[in-house]
Each structure stands twice: as structure tokens, then as C-alpha cells.
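Here's the structure, in C-alpha cells; my notes come after.
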Amino acid sequence: MILFPNAKINIGLHILNRRCDGYHDLETVFYPIPLHDALEAVEATTLNFESSGIVIPGIAGDNLCLKAYKMIKKDFDLPALSIHLHKKIPIGAGLGGGSSDAAYFIRLLNEKFRLKLDTAAMQDYARKLGADCAFFIESKPVFAYGKGEEFKDVSLDLSAYSLVLIMPPVFVSTADAFRGVKPRIPETPLQELIKLPVEQWKEHIRNDFEESVFRTYPIIQGLKNSLYDAGALYVSMSGSGAAVYGVFADKPELPLFDESYHVFYV
Ligand SMILES: C[C@@](CO)(OP(=O)(O)O)[C@H](O)COP(=O)(O)OP(=O)(O)OC[C@H]1O[C@@H](n2ccc(N)nc2=O)[C@H](O)[C@@H]1O
Ligand SMILES: Nc1ncnc2c1ncn2[C@@H]1O[C@H](COP(=O)(O)OP(=O)(O)O)[C@@H](O)[C@H]1O
């Protein structure tokens, strides 16, 4: 069986406070985008994991797909699998690629072995693997709160716009990015701001990671500026970075980026 885990962008991100468990309460809108990895599993005599495409930092044994398999195997009688992940979603990007792979692996196991897990049960498993992992069980636009693993429906459809996503040659660690931010309660909750027309987002919707991440990596700020120069209605870094997206009324004429930048029209 083969599934195609998708990426997400964050539209607005407020970091509200630091919790006793070291995590942060936040509010954000997760919006799925059609940029995908490919994840395949077939029955085998021994458990095996390999990947192709973008090189994943760290050791293969720590891959979130294997963590998902081992977690579900504690509760269900699963056979050994040969797992192949083709990686296209940039890493250290704020696009949730690793979390998406893990969530889709839970979905794959559920479907392939008829585990009869409903959405809520799969989300409970996913939450154990990462704060934004549960989002990818349904992968529909949501307002997320708590650690980023509690959801409310949000009515948001950007299909009339042209979305451009650019990954600069920088890797931002999510844990490091949190260390750079001073939490604060916003004047207006994101759940209200997201109802504004896209043309007004520039003035009102912010990502709290940008200030400190831009200070450390000024090229991300430069990238944001160049998308506004190209006529974007709204530009933001996604999550803790480093990817930046622009929302345009029509497909834009972009400046030429160095080949170390990866540009996706999504
Ligand atoms: C903060 C977001 C916003 O989208 O960043 P991105 O990963 O997308 O950039 C995500 O929710 C991240 O989700 P995820 O990447 O699954 O986070 P985890 O693996 O659970 O946590 C990585 C590290 O980030 C910090 N962390 C994460 C989430 C949170 N609400 N508070 C935190 O302080 C913790 O230091 C944790 O050790
Ligand atoms: N399947 C996976 N894909 C990408 N990264 C993974 C995966 N499994 C584990 N990781 C680890 O997760 C980290 C980045 O995760 P990712 O979700 O891509 O980050 P971000 O959401 O910030 O872009 C990397 O350090 C990587 O080693």
C-alpha cells in the first residue's frame, strides 16, 4: 500500500505561554497544501526501513514512521514490514513533513490491517509522536490550540488564490525557535483575525516566531520581502521556519532565486 503524506502551512501563530511540561500553549491555523512525500509498506520477513529523495538528518532507526509502527505494534498484532519513504517535503521547514509521515503511517496501518481505529483514536496515537502530528490524521484546515494538538473547525478556502512556497537554504530547529520567543497574549485572538479578508491579513496576522528567527537568519526576512515585492497579498514564514509562503491573487512573476532555494507552486 502506498500513501502520500502532505505538508501544511501555518496561517498566523501566537505563542501564548510556557507550560509546566516545557511545551508552549499556542494558537494557529493549520492549512494543508498539496506537496507530498510517498510512503509505501509491504509485508516482509523482517522489519526494514529505507528512504530516498531529500536526505533525512539523524539515524534511520529514529524515523517517525518506525516510531509510529512500534507504538501501534504494542497494541495490535502486526506483521513485519518493509517500509519505503520518498522524501520531497523540505525538512526543518515548518511544513510538518515528519509529523505527516508518522500520521499517514498510522492511517496506512489502520487501513491495511483493518485495525478499526476511528479518527479520534488515530489522533490520540498521533499526539504521542509530535504536537502537530494529530492534524495530519484528517489533514483539513483547522484552528489549532493547546500544544497544537487540539482542533476546532475553521472555514477557510484559499483555492481561488495562487500559493507559492519557498524553502531557503536554512534549517530551523523547532525546539531552538521556541527558545527565542517571549510568549504573550494577543490583543485579538487568531480565531477572530482569520475571518478577515486575505487582503487585510498583512496588517493583522502574525507569526510569533518570525521576529527572533529573522534575527538569526536574515535571509528568511529577505525572502519574505521579495515575495511582497513580487505582489503577494500576504506572506509569512510557516511554523518555526524556514519555509516562507506567499498568497497571490494570480500566479506571480517571481525574481530568479539561487538554485539553493526550492520554489513550489502549490
Ligand atoms: C510549533 C509548530 C507549529 O506548527 O512548529 P513547526 O514544527 O510546524 O515548525 C508545531 O506545532 C510543532 O510540532 P512538532 O514539530 O510536532 O513538535 P514536537 O516534535 O512535539 O516538539 C518539538 C519541540 O518543540 C517545542 N514545542 C513544540 C510544540 C509546542 N506547543 N510547544 C513547544 O515548546 C518543544 O521544545 C519540543 O521539544
Ligand atoms: N519521516 C521524517 N521526515 C522528516 N524528518 C524526520 C522524519 N522522521 C524523523 N525526522 C526528524 O524530524 C526533524 C524535522 O522534522 P520536520 O517535521 O520535517 O520539521 P519541521 O516541521 O520543523 O519542518 C529532523 O531532525 C528529522 O531528523
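The values are calculated or read from the model by the stated rules, or taken from the named source; none is laboratory data. From a predicted model like this one, the values you see are computed outputs, not experimental measurements. FYI the Cβ positions are ideal-geometry reconstructions off the backbone, even for glycines, and counts take in every protein chain you see. Calculation scope for accessible area: heavy atoms of the full protein, side chains included, ligands and nucleic acids excluded. Shrake-Rupley method; radii C 1.70, N 1.55, O 1.52, S 1.80 Å.
So what's the projected area for the chain, the Cα convex hull averaged over all directions, in nm²? Averaging across all directions leaves 14.2 nm² for the Cα convex hull. Ignoring any ligand, DNA or RNA, what whole percent of the accessible area of the chain comes from carbon and sulfur when the probe is 1.4 angstrom? Using a 1.4 Å probe with all protein chains present, the chain comes out at 51 percent carbon and sulfur.
Find, among the GluC sites (Glu not before Pro) in the stretch 35-132, those assigned to loop by DSSP (not H, G, I, E, B) with at most 11 other beta-carbon atoms within 10 angstrom.
Values: sites: E40, E43, E50, E111; in loops: none.
In loop regions of the stretch 35-132 (DSSP not H, G, I, E or B), there are no sparsely surrounded GluC sites (Glu not before Pro).
Computed about the Cα centre, the dipole magnitude for the chain is approximately 560 debye when only Lys and Arg (+1) and Asp and Glu (-1) carry charge, each at its Cβ.
For the chain, the solvent-accessible area works out to 48 Å² per residue, with a probe of 1.4 Å and every protein chain left in place. State which entries of K87/K251; K128/K152; K112/K224; K202/K251 exceed 30 angstrom in Cα-Cα distance in the structure shown. Over 30 Å Cα-Cα: K112/K224. Over the residues of the chain, the helix contribution to mean residue ellipticity at 222 nm works out to -7500 deg cm²/dmol, using -39500 (n - 2.57) for each DSSP H run of at least 4.
The Kirkwood hydrodynamic radius of the stretch 2-153, based on inverse pair distances between different Cα atoms, is 15.8 Å. Dimensions of the stretch 78-193 based on its C-alpha atoms, expressed as ranges along the principal axes with the largest first, amount to 51, 35, 34 Å. The residues neighbouring S82, those whose beta-carbon lies less than 12 Å from its own, together hold a net charge of -3 under the Lys/Arg +1, Asp/Glu -1 convention.
Using a 10 angstrom Cβ neighbour count of at most 11 plus a DSSP loop assignment to flag exposed trypsin sites (Lys or Arg not before Pro), which longest range of the chain is free of such sites? The answer is 1-73. Among the chymotrypsin sites (Phe, Trp or Tyr not before Pro) found in the stretch 25-113, those both in a DSSP coil and sparsely packed, with 13 or fewer other Cβ atoms within 10 Å of their Cβ, are F76.
Divided by 2.2 N^0.38 Å, where N counts the residues, the Cα radius of gyration of the stretch 1-65 comes to 1.57.
Rounded to the nearest angstrom and ordered from largest down, what semi-axes does the equivalent ellipsoid of the stretch 45-99 get from its C-alpha gyration tensor (root of 5λ)? It would help to have the intermediate numbers written out before the result.
Details: eigenvalues 102, 34, 15 Å².
Values for the stretch 45-99, descending: 23, 13, 9 Å.
Neighbours of D118, meaning other residues whose beta-carbon lies under 14 angstrom from its beta-carbon, give a summed charge of 0 when Lys and Arg score +1 and Asp and Glu score -1. Since only A126, L13, M237 are under comparison, the one whose Cα sits farthest along the positive direction of the charge dipole of the chain, derived from C-beta charges on Lys, Arg, Asp and Glu, is A126.
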